[in-house]
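Okay, so here's the structure we're looking at.
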Amino acid sequence: MSGMNIGTLLVTGGCGFIGSNFVHMALRERPGWKIVNVDVLSYSGNPDNLRAVEGSPRYEFVRGDVADRALMDGLLRRCDAVVHFAAESHVDRSILDSGPFIHSNVLGTQVILDAVRAAGGARRMVHVSTDEVYGSLPLDRPEERFTEQTPMAPNSPYSASKAASDCLARAAHHTFGMDVVTTRCSNNFGPYQFPEKVIPLFVTNLIEGRKVPLYGDGRNVRDWIHVEDHCAGVLAALEKGRAGEVYNFGGDNERSNLELTMSILGLMGRGEEMIERVKDRPGHDLRYAIDSSKAQRELGWRATRSAWPAALDATVRWYRENEQWWRRVRSGAYREYYSQQYGG
Ligand code: TYD
């Protein structure tokens, strides 16, 4: 334990995929905490994700932008610690337009850091980042993995914006002695993921009878971690992480996109005929793989919910059983993005 006493925790971006899973977990597992969730509710933030806790006296929602300094000053004054999830996170969108990524990820993080410092006290902040800041690993050296010492080498506007925010968090600790911990996690899967990301995109496409757009040759490798394993890691970093440190979290679950696609097709009772090979993503990172041994050693954390096929099967089932959730999400503005990205 860091010795901090959390009465009220500020969560930024709590209406997104990972943030909402974290809010559910923290309310369930830390009955003494109150959570204030600040979320701007842009396209991917969805209050439906937290309907079940809306009536709780331990939960409060504030709609607003993390880059709004006056708002953040007010929230920080009445919170004891912050977990900062709020971010634009979709690589393909950052290729179409990086403006929102700089606003939310870079400016937003700077504003939060400044507000935490201005609020005084020893407020702990967990800055939730991504393994994508490390860039890409080669396919022909399978033993290589990202450690916390791996130099940052971001390749997309998204990962560049996250790397910038990680540098701000690092500098806040180094220059001002702020109590900031940064976490970097691999690809998440699970309930409430916005269906622009590959797993919910492919599952919901197949339910709708559409093909699945596989980029390039499908050989790119991702390490898949269940969102609850990630959230447990963030909670451990909040309570036990050392100030100024970075902690990696991975699922020890590397799959090529083709293997992932074939698994999803199998679970959906479909075959290869549903794959549509589409043009590769520009600058597409080849492989992400994470060494989580520091988090295991220092935080006592390990991934316990990520193993396939069971975890993938349960996730696919969640989207099949929660059709109303994703049908609402897939309507409206999302349609425009979909046709811009994939046509049709
Ligand atoms: P994504 O879910 O966008 O996560 P990230 O790019 O942050 O890893 O994509 C995961 C992998 O799936 C990535 O290698 C790109 C690939 N992909 C496709 O092949 N087709 C798609 O339509 C999408 C969205 C992703």
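Overview of results
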| quantity | calculated |
| --- | --- |
| Test: F61 is within 16 Å of the chain's Cα centre (by Cα) and among the hydrophobic types (A, V, I, L, M, F, W, C) | no |
| Checking S136 against (1) among the small types (G, A, S); (2) more than 12 Å from the ligand (Cβ to nearest atom); (3) over 30 Å from Q324 (Cβ atoms), the condition it does not meet | (2) |
| Residue, nearest to G269 (Cα to Cα), within the stretch 193-214, restricted to residues that are near the ligand (Cβ under 10 Å from one of its atoms) and without any contact (Cβ under 8 Å) to a residue 24 or more places away in the chain | N205 |
| Flag if R77 is of a type in the set (D, E, K, R), surrounded by fewer than 16 Cβ atoms within 10 Å (Cβ to Cβ), out of contact with any Pro (no Cβ under 9 Å at 6 or more places or on another chain) and more than 16 Å from C231 (Cβ to Cβ) | yes |
| Restricting the stretch 159-192 to residues that are among the hydroxyl-bearing types (S, T, Y) and buried (at least 19 other Cβ atoms within 10 Å of the Cβ), the residue that is farthest from L113 (Cα to Cα) | Y192 |
| Hey, F101 within 16 Å of the ligand (Cβ to nearest atom), of a type in the set (F, W, Y), over 24 Å from W325 (Cβ atoms) and out of contact with any Leu (no Cβ under 6 Å at 6 or more places or on another chain) or not | yes |
| Residue match in the stretch 13-36 (condition: part of a strand (DSSP E or B), more than 21 Å from T130 (Cα to Cα), in contact with a Cys (Cβ under 7 Å, 6 or more places away or on another chain) and not hydrophobic (A, V, I, L, M, F, W, C)) | no |
| Lone qualifier among D280, D285, D217 - being assigned to a loop (DSSP other than H, G, I, E, B), surrounded by 19 or more Cβ atoms within 10 Å (Cβ to Cβ) and within 12 Å of the ligand (Cβ to nearest atom) | D285 |
| Some residue of the stretch 224-234 being surrounded by 24 or more Cβ atoms within 10 Å (Cβ to Cβ), under 17 Å from R287 (Cβ atoms) and of a type in the set (V, I, T) | yes |
| Residue match in the stretch 171-192 (condition: among the small types (G, A, S), away from the ligand (no atom under 12 Å from the Cβ) and assigned to a helix (DSSP H, G or I)) | yes |
| The lone exception for R255 - which of (1) more than 9 Å from the ligand (Cβ to nearest atom); (2) in a loop (DSSP other than H, G, I, E, B) it fails | (2) |
| Set V128, V91: member being within 16 Å of the ligand (Cβ to nearest atom) and in contact with a Cys (Cβ under 8 Å, 6 or more places away or on another chain) | V128 |
| Total residues in the stretch 59-85, condition among the aromatic types (F, W, Y) and in a strand (DSSP E or B) | 2 |
| Some residue of the stretch 126-139 being over 29 Å from P213 (Cα atoms), surrounded by fewer than 19 Cβ atoms within 10 Å (Cβ to Cβ) and at pLDDT 95 or above | no |
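Residue by residue, here is whether (1) crowded, with 20+ Cβ neighbours inside 10 Å; (2) at pLDDT 95 or above; (3) near the ligand (Cβ under 10 Å from one of its atoms); (4) assigned to a loop (DSSP other than H, G, I, E, B) holds:
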| site | (1), (2), (3), (4) |
| --- | --- |
| R222 | yes, yes, yes, no |
| A237 | yes, yes, no, no |
| G244 | no, yes, no, yes |
| N248 | yes, yes, no, no |
| G266 | no, yes, no, no |
| E273 | no, yes, no, no |
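The values are calculated or read from the model by the stated rules, or taken from the named source; none is laboratory data. Values in this document were obtained by computation on a predicted structure and should not be read as measured data. Note that we place each Cβ from the backbone using ideal geometry, even for glycine, and neighbour counts take in every protein chain shown.
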